[in-house]
Amino acid sequence: MTDENDNLDLPDLTNEQSVNNELTLGDVSGIERSASELAPVFDVPVHVKAVLGRASMNVSSILELNAGSVIELDRKVGEAIDIYINNRLVARGELVVVEDHLGVTMTEIIKDGDTGN
């Protein structure tokens, strides 16, 4: 089954050259591209999800929850957090505090098909 997002039509960038001293990104074919050449995809929306853990509960248990209730997750303290982009596992990371917000620092990029299980 293929995802409809797998068939995006993007402009051919292979013949364009970087005109100024911009950051260049290596391509698997050896062609270097500048960050500005990737501009057509900068506004493509993606769904990012950081999963701390999971829990299974009966509806009756959920209805008993109130402020201060604790839900035990299937992960241990300090264990890596899964990072999904468009429902695909792409990285693992650690929970961090950035000013008044929680954030995730990526510590491992998941290669295609490598789920670490």
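May I ask for the net charge around residue 106, where only other residues with Cβ less than 13 Å from the Cβ of residue 106 are counted and Lys, Arg are +1 while Asp, Glu are -1? Let's see the in-between values first.
Numbers: positive: 92; negative: 82, 94, 108.
Local charge sum for residue 106: -2.
Determine ³J(HN,Hα), in whole Hz, for all residues of region 80-90 in sequence, where each value follows from phi through the Karplus function 6.51 cos²θ - 1.76 cosθ + 1.60 and θ = phi - 60°; x replaces Gly and Pro.
4, 9, 7, 10, 10, 10, 6, 6, 10, 5, 10
For region 45-117, treating each Cα as an identical point scatterer without solvent, what Debye log10 I(q)/I(0) comes out at q = 0.21, 0.25 1/Å?
Here log10 of I(q) over I(0) equals -1.03, -1.17.
Loop only by DSSP, 10 or fewer other Cβ within 10 Å of the Cβ. Give me the GluC sites (Glu not before Pro) in region 51-95 that pass, ordered by residue number. Don't jump to the answer; show the numbers that get you there.
Details: sites: 64, 72, 79, 94; in loops: 64, 72, 79.
Answer by residue number: 64, 72.
Here, each number is a calculation from the coordinates, and none is a lab measurement. The structure presented is a predicted model; accordingly, all values stated were derived computationally and were not measured. With ideal geometry, Cβ positions are generated from the backbone for all residues, glycine too; neighbour counts draw on all protein chains shown.
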